[in-house]
Amino acid sequence: MTLEVTLGEPARATTVPPDLRTHLTDPSTRAALMIRQSVLTAVRRLLDAEGFVEIQAPIIGPVTDPGVRGAKQMDVDFYGHRYKLMTSAILYKQATLLAFDKIYYIAPNVRMEPLETFGTDRHLVEFHQIDVEMAGASRNDATALCERLVVAATREVLQHRPAQLGVTGRDLDALRRLGQEPFGRMTHAAAVAELAGMSQQADAHAEIDWSNEEMLSLEAPRPFFLTDYPKGSRGFYDRESRSDPGTLRNFDLIAAEGFGELCSGGERESDYRRIMSRIRETGENPAKYGWYLELAREGLHPSAGFGLGLERLVRYIAGLDAVWQASAYPKLAGVRSA
C-alpha cells in the first residue's frame with residue numbers, strides 16, 4: 001500500500017500510516033487490533049445480556065445522517081438513482097425499533113471529512129460506530145448505558161489484554177480509575193463559559209469544535225457528558241426540550257486526557273409534525289426523506305440512543321497517539337490508502 005498526502009498540507013504535524021505491510025506487522029498495530037477485539041467482545045456481551053438485538057446496518061440508502069460536522073456525503077449510482085453511503089445509520093435505528101425495542105449495530109460509516117481533519121489525530125474517513133437505540137428511553141437511560149459500555153470494555157481489556165496495553169504504553173492507573181466515580185456532566189452553556197475563561201472562543205449557538213473539545217478533555221479529571229446543545233447545532237432527529245425550548249435533549253461523551261469526543265447521542269424526535277418543522281428549519285428538502293417521513297407519519301416510537309466511535313474508544317483505552325492506529329486499513333482525509 002502506498003500512502004501519500006494528495007490535497008494540500010495538514011493542519012498540524014501528525015503521524016501518517018506507513019505502508020500496509022509495515023502497518024500490519026507492527027507490534028503496536030497487532031496489540032491495538034487485539035484490544036479492539038476485546039472491546040467488541042465486552043460490548044456485545046453487555047448488550048446481549050441486557051436484551052438488545054444486534055442488527056446489520058445498511059451501507060447505502062436514499063438518505064443518510066444530515067447532522068455530521070462539515071463532512072460531505074458520498075453518492076453512489078443505485079440503478080439510476082442517487083443513493084448515499086452511510087455517514088450514520090441514525091434514521092434506520094429509529095425505523096428498526098418498529099421490530100424490536102432495543103437494538104444495536106456495529107456499523108461501518110464513510111464521511112468525506114474536510115482536509116484539515118488530517119491533522120487532528122481523531123478523524124477517519126472510514127470508521128465504525130457502536131450504534132444503540134432504545135424505545136421509550138430517556139437521555140439519562142442512554143448516558144447510563146454508554147457509561148456502562150465504556151467501563152465494561154475498559155475492564156475487559158485490563159483483564160485480558162495487559163500485555164497489549166504494555167505494547168501501546170498505556171497508563172494503567174488511569175484505566176483502573178475509570179468507573180470508580182460516575183462520569184461527569186457539563187452543559188453546553190457551561191462549556192462555552194469555561195472555554196471563555198481559558199481565552200478560547202466558542203459559539204454559544206453552535207457545536208463545540210474539535211480543538212475546543214480537546215481543551216476541555218485535557219482539563220477533565222474523568223470522562224464527562226456534554227449536554228444540552230442549542231437547537232440548530234445538530235440534526236433534526238435530536239429532540240428539542242419541551243420545558244426549555246431551543247435546547248436539545250442530547251449529549252456527547254468527552255474522554256479525559258485530551259482524547260476528546262467518543263460518542264454522540266440523545267433523545268429522538270418522533271412526532272411527525274415536529275420532525276417536518278425541524279427539517280424545514282435546517283433548510284433540508286423533506287422530499288429526500290420520503291420513506292422516513294412515511295414511517296413517522298404512521299408513528300415512530302419515542303426513543304433515545306447513541307453512536308460510540310469504535311476506533312476512538314480503542315484509541316482511548318489503548319492510549320494510542322492517533323485514531324488511525326486502531327484500524328487495520330486506515331483512511332484519512334487527503335491520503336491515498338488501500
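The values are calculated or read from the model by the stated rules, or taken from the named source; none is laboratory data. This is a predicted model, so every value here is computed, not measured. A quick note on method: Cβ atoms are made from the backbone with ideal geometry, for glycine too, and the neighbour counts reach across all protein chains shown. Note: accessible area is taken over every heavy atom of the protein model, side chains too, but ligands, DNA and RNA are not part of it. Shrake-Rupley method; radii C 1.70, N 1.55, O 1.52, S 1.80 Å.
Compute from the Cα atoms of the stretch 166-305 the Rg and the Dmax, the latter being the longest Cα-Cα distance, and quote both in angstrom.
That works out to 17.8, 54 Å for Rg and Dmax.
According to the Cα gyration tensor, what semi-axes, each the square root of 5 times an eigenvalue, does the equivalent ellipsoid of the stretch 44-144 have, listed from largest to smallest in whole Å?
26, 18, 12
As an exercise, take the mean of 1/r over every pair of distinct alpha carbons in the stretch 59-113, invert it, and state the Kirkwood radius in angstroms.
12.1 Å
Just to check I understand the Karplus step: with θ = phi - 60° and J = 6.51 cos²θ - 1.76 cosθ + 1.60, what whole-Hz values come out for the stretch 179-196, glycine and proline as x?
Working through the residues one at a time gives x, 6, 10, x, 4, x, 9, 8, 7, 4, 4, 5, 5, 4, 5, 5, 5, 4 Hz.
Per residue, how much accessible surface does the stretch 1-141 expose to a 1.4 Å probe? Answer in Å², no decimals.
48 Å²
Sorted by packing (mean other beta-carbon atoms within 10 Å per residue), highest first, where do 110-121, 129-140, 169-180 land?
Highest to lowest by the protection proxy: 129-140, 110-121, 169-180.
Go through the stretch 34-47 residue by residue and turn each phi into a ³J(HN,Hα) via Karplus (6.51, -1.76, 1.60, θ = phi - 60°); whole Hz please, and just put x for glycine and proline.
In residue order, the calculated couplings are 6, 5, 4, 4, 5, 4, 5, 4, 5, 4, 5, 4, 5, 5 Hz.
Could you work out the relative contact order of the stretch 1-148? I mean the mean sequence separation of Cα pairs under 8 Å and 6+ apart, divided by the number of residues, in percent.
24 percent
Once Rh for the stretch 117-211 is found with the Kirkwood sum over Cα pairs, what is the Stokes-Einstein diffusion coefficient at 37 °C and 0.692 mPa s, in µm²/s?
The Stokes-Einstein estimate is 195 µm²/s.
Consider just the alpha-carbon atoms of the stretch 29-79 and return their Rg together with their Dmax, both in angstrom.
Final numbers for Rg and Dmax: 16.4, 42 Å.
What number does the chain give for Rg over Rh if you use C-alpha atoms and the Kirkwood radius? Don't jump to the answer; show the numbers that get you there.
Numbers: Rg = 19.5 Å, Rh = 20.6 Å.
Rounded to two decimals, Rg over Rh is 0.95.
For the chain, which whole percent of the accessible surface, found with a 1.4 angstrom probe, sits on carbon and sulfur atoms?
Exposed carbon and sulfur together represent 49 percent of the surface.
Given the -39500 (n - 2.57) contribution per DSSP H run of 4+ residues, what per-residue ellipticity at 222 nm results for the chain, rounded to the nearest 500 deg cm²/dmol?
-10500 deg cm²/dmol
Averaging sequence separations of C-alpha pairs under 8 Å and six or more residues apart, then dividing by the length of the chain, give the relative contact order as a whole percent.
In percent, rounded to a whole number, it is 25.
Would you pull out the residues with amide H under 5 Å of GLU54's amide H, same chain only if 5 or more places away, H placed 1.01 Å from N?
HN-HN under 5 Å from GLU54: TYR104.
Figure the gain on full extension for THR15 and ARG30 (residue separation times 0.36 nm, minus the Cα-Cα span) and round it to one decimal in nm. Let's see the in-between values first.
Working: separation 15, 0.36 × 15 = 5.40 nm, distance 1.75 nm.
Here the answer is 3.6 nm.
How many percent of DSSP beta bridges within the chain run antiparallel, rounded to 5? Please list the in-between numbers first.
Details: 43 of 50 bridges.
Of those bridges, close to 85 percent are antiparallel.
Would you kindly give the portion of the calculated P(r) for the stretch 235-338 that falls above 16 Å, as a percent of all Cα pairs?
Here the long-distance tail beyond 16 Å is 68 percent of all Cα pairs in the stretch 235-338.
In what sequence, highest mean first, do 94-100, 306-312 appear when ranked by Cβ atoms within 10 angstrom?
So the order, starting with the most tightly packed, is 306-312, 94-100.
Taking amide hydrogens as modeled 1.01 Å from N in the peptide plane, which residues meet the under 5 Å criterion relative to SER241, leaving out close sequence neighbours?
GLY246, THR247, LEU248, ARG249
Give, in whole angstrom and from largest to smallest, the semi-axes √(5λ) of the equivalent ellipsoid of the stretch 172-248, with λ running over the eigenvalues of the Cα gyration tensor. Could the numbers behind the result be given before it?
Details: eigenvalues 124, 56, 21 Å².
Result for the stretch 172-248: semi-axes of 25, 17, 10 Å.
Looking at the P(r) of the stretch 276-316, how many percent of alpha-carbon pairs lie beyond 11 Å?
74 percent
Output ³J(HN,Hα) for the stretch 277-294: one whole-Hz value per residue in order, computed from phi by the Karplus curve 6.51 cos²θ - 1.76 cosθ + 1.60 with θ = phi - 60°, and x for Gly and Pro.
Karplus values, whole Hz, x for Gly and Pro: 4, 5, 4, 5, 4, 7, x, 6, 8, x, 4, 5, 9, x, 5, 5, 5, 5.
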